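Read the structure below first, then the notes.
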Protein chains: 2
Amino acid sequence: MTEQRAYHHGDLRRTLLTAALDAIRESGPAALSLRDLARRAGVSHAAPAHHFKDRTGLLTAIAAEGYGLLADALAETPELNERGVRYVRFCREHPAHFQVMFAPELLRADDPELLAARERAGDQLRAGVAGLAASGRGDDARLAGVAAWSLAHGFATLLLGGNLEGPLGDRDPEEMFRDLTGLLFQGG
Amino acid sequence: MTEQRAYHHGDLRRTLLTAALDAIRESGPAALSLRDLARRAGVSHAAPAHHFKDRTGLLTAIAAEGYGLLADALAETPELNERGVRYVRFCREHPAHFQVMFAPELLRADDPELLAARERAGDQLRAGVAGLAASGRGDDARLAGVAAWSLAHGFATLLLGGNLEGPLGDRDPEEMFRDLTGLLFQGG
DNA sequence: CTGCGAACTTGTCACTGTCTAGATTGCGCG
DNA sequence: CGCGCAATCTAGACAGTGACAAGTTCGCAG
C-alpha cells in the first residue's frame, strides 16, 4: 500500500470516498465529518477540501457515483421485474450511496457530473418500463413506470430503514420483492 | 401573543417544535440548529435543552408527533386504497415530520413515546390491510400489506424528493396515486 | 535545472452541541 | 399570607466542526 507518504497520497480522493461511505453506512450522512475522514486517511484537516471543495461537494460526488453504479446495475438486465430486483439489490449493496442519492438537500443540485449520472440512471429506469408499455397507451406506460419505481423505491427505503423486519422474518428481501411484483404485476 | 416574557415563555416547547418543523421543511433535518431555533424563539441558546435534552431528543419528539398524526389520519378512513391516499396526503401536509420519522439514525430508537406512537401508526397500517386479507391466506395478506406500504411509501418519498415532477406534469399527486392503486390492485 | 501548478499543511474564524452552575419565577403547602 | 422548592430559563465555557487564506512541498514539463 505504501501509505503514509507526506505529500501526494496518490489516491486520496478514492480513500476519502470509501471512508465516507463506511461512515455513512454506519451512522448516516448527518454524522459525517470531513475532519474525521481526514484523520482516518492520515492527512491534514483541510486536505479533503482540495478534492471536493465542500462537504456538499463530497456528498454530491458520492451521489453521482451512486447513480452511475445504479445505471450499470440496471443495464445488466433487460427484463422489468428483474430490474426491480436489481434496484433492491443495489440499495443493499450500496446503502450509503442510496441514502445520499435521495437526500437532495445535501447535494449541489446543479453539479454537471451529478446531472449526467442521474440522467443515465433515469434512462435505464425508463428503458425498463418501455417494454411493459407495449400493451397500453403512452399514459398507461408512464403510470406503470411510476408504479414500478414507487414499489421498488418504497420497498428499498423501508428495508434500509429497518421497517420490514417484522414482515420479512428471516426471508431473503430480494425473494420477497419478487413475490411482490408477481402479486401486483401478474394480472395487470 | 404576549411574548418576550423573560421567564416562563409559556409554550416554548411547542414554539421550538414548530420552528424546527419550518426549518426542516426548508432545509432538511441536517441543517437544523438548536441555537438558531433558540434565537428565533427569543430565548437563550441552552433553553431548548431543558425541553428536549438533545438535538436527538428534539428530532425524536418530532418523529413521535408525526407517527401520532399519521395514525390519526389513517384512522379517519376505513377503506384500504383511500388509506394509501391519506398516506400520500400526510407526507405532503407534514413533510418535515415524514422526513424525520424515517431517518432512524437521527432518533433515539428506544424512546417510549416514539415507540408508542409508532405502534399506534403500525396498528392502523395493519388494520387497513386486514380487510384485504380476507381473500387470501395469512401469508398473502402480509405480502399484500408490504406491497401496499411499499407503493405508498415509495410514491411519497419520491414525491417529496422532487423525483416525480416529470411524470406528474401538473396533475394532482393524490389523483395520480389513486390511478396507481387502481392499476395495480384491481385484478389482484 | 528551473519554474510552475497541483497536492497538501498550518493557522484561524465563526459557529455548533453539550455541559455546568447560577438566576428567576410561579405554584403548592404550611 | 409567605415561603421553600422544583420547573424554567440564563450565562459561561469547552471541544469539535466547516470553511477560508496563506504558506509549503512535490512532480513534471520545458
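The values are calculated or read from the model by the stated rules, or taken from the named source; none is laboratory data. This is a predicted model, so every value here is computed, not measured. Quick reminder, even Gly has a Cβ in these numbers, built from the backbone with ideal geometry, and neighbours come from all protein chains shown.
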Seminar exercise, completed: From the option list A:ASP11, A:ASP72, single residue qualifying as free of Cβ contacts under 8 Å to residues at least 12 places away in the same chain, of a type in the set (Asp, Glu), over 27 Å from B:ARG55 (Cβ atoms) and within 14 Å of DNA strand D (Cβ to nearest atom) is A:ASP11
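Only one of B:GLU82, B:GLU65 is away from DNA strand D (no atom under 14 Å from the Cβ), without any contact (Cβ under 8 Å) to a residue 12 or more places away in the chain and of a type outside the set (Gly, Ala, Ser). Can you tell me which? Give the steps one after another, and end with the answer.
On the way: B:GLU65 fails: without any contact (Cβ under 8 Å) to a residue 12 or more places away in the chain.
Within the list B:GLU82, B:GLU65, the selection yields B:GLU82.
For A:PRO78, state whether it is at pLDDT below 95, outside the structural domain of A:SER33 (by TED's automatic domain parsing) and either within 17 Å of A:LEU16 (Cβ to Cβ) or out of contact with any Asp or Glu (no Cβ under 9 Å at 6 or more places or on another chain) (or both).
Details: at pLDDT below 95: yes; outside the structural domain of A:SER33 (by TED's automatic domain parsing): yes; either within 17 Å of A:LEU16 (Cβ to Cβ) or out of contact with any Asp or Glu (no Cβ under 9 Å at 6 or more places or on another chain) (or both): yes.
Against the criterion (at pLDDT below 95, outside the structural domain of A:SER33 (by TED's automatic domain parsing) and either within 17 Å of A:LEU16 (Cβ to Cβ) or out of contact with any Asp or Glu (no Cβ under 9 Å at 6 or more places or on another chain) (or both)), A:PRO78 qualifies.
Filter segment B:44-70 down to residues that are over 16 Å from the mean Cα position of the chain (by Cα), hydroxyl-bearing (Ser, Thr, Tyr) and assigned to a helix (DSSP H, G or I), then give me how many there are. Can you show your working first?
Going residue by residue through segment B:44-70, those that are over 16 Å from the mean Cα position of the chain (by Cα) are B:44-57.
Cutting the leftovers down to hydroxyl-bearing (Ser, Thr, Tyr) gives us B:44, B:56.
Filter again for assigned to a helix (DSSP H, G or I), leaving B:56.
So the answer is 1.
For B:PRO104, indicate whether it is on the phi < 0 side of the Ramachandran plot, away from DNA strand D (no atom under 12 Å from the Cβ), within 14 Å of chain A (Cβ to nearest Cβ) and of a type outside the set (A, V, I, L, M, F, W, C).
Values: on the phi < 0 side of the Ramachandran plot: yes; away from DNA strand D (no atom under 12 Å from the Cβ): yes; within 14 Å of chain A (Cβ to nearest Cβ): yes; of a type outside the set (A, V, I, L, M, F, W, C): yes.
Taking the combined requirement at face value, the residue satisfies it.
I need the full set of residues from segment A:75-91 which are assigned to a helix (DSSP H, G or I) and either farther than 24 Å from A:ARG14 by Cα or within 9 Å of the chain's Cα centre (by Cα) (or both), in order please.
Within segment A:75-91, the first condition is being assigned to a helix (DSSP H, G or I), and the residues that meet it are A:75, A:80-91.
Scanning segment A:75-91 gives A:ALA75, A:LEU80, A:ASN81, A:GLU82, A:ARG83, A:GLY84, A:VAL85, A:ARG86, A:TYR87, A:VAL88, A:PHE90, A:CYS91.
If you go through segment B:58-65 one residue at a time, do you hit one that is buried (at least 18 other Cβ atoms within 10 Å of the Cβ) and farther than 25 Å from B:LEU125 by Cα?
yes
Condition test on B:ALA147, is it part of a helix (DSSP H, G or I), at the interface with another protein chain (Cβ under 9 Å from one of its Cβ atoms) and modelled with pLDDT of 95 or more? Explain how you work it out, then say what you get.
Numbers: part of a helix (DSSP H, G or I): yes; at the interface with another protein chain (Cβ under 9 Å from one of its Cβ atoms): yes; modelled with pLDDT of 95 or more: yes.
Answer is yes for this residue.
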For this session: Could you please give the count of residues in segment A:35-57 that are touching a residue at least 24 places away in the same chain (Cβ under 8 Å) and either more than 14 Å from chain B (Cβ to nearest Cβ) or more than 8 Å from DNA strand D (Cβ to nearest atom) (or both)?
Result: 8
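Any chance segment A:109-122 includes a residue that's part of a loop (DSSP other than H, G, I, E, B), in the same structural domain as A:TRP149 (by TED's automatic domain parsing) and crowded, with 16+ Cβ neighbours inside 10 Å? Talk me through it step by step, then tell me what you get.
So in segment A:109-122, the residues part of a loop (DSSP other than H, G, I, E, B) come out as A:109-111.
So of that shortlist, the ones also in the same structural domain as A:TRP149 (by TED's automatic domain parsing) come out as A:109-111.
Okay, now just the ones that are also crowded, with 16+ Cβ neighbours inside 10 Å, so A:111.
Within segment A:109-122, one or more residues are part of a loop (DSSP other than H, G, I, E, B), in the same structural domain as A:TRP149 (by TED's automatic domain parsing) and crowded, with 16+ Cβ neighbours inside 10 Å.
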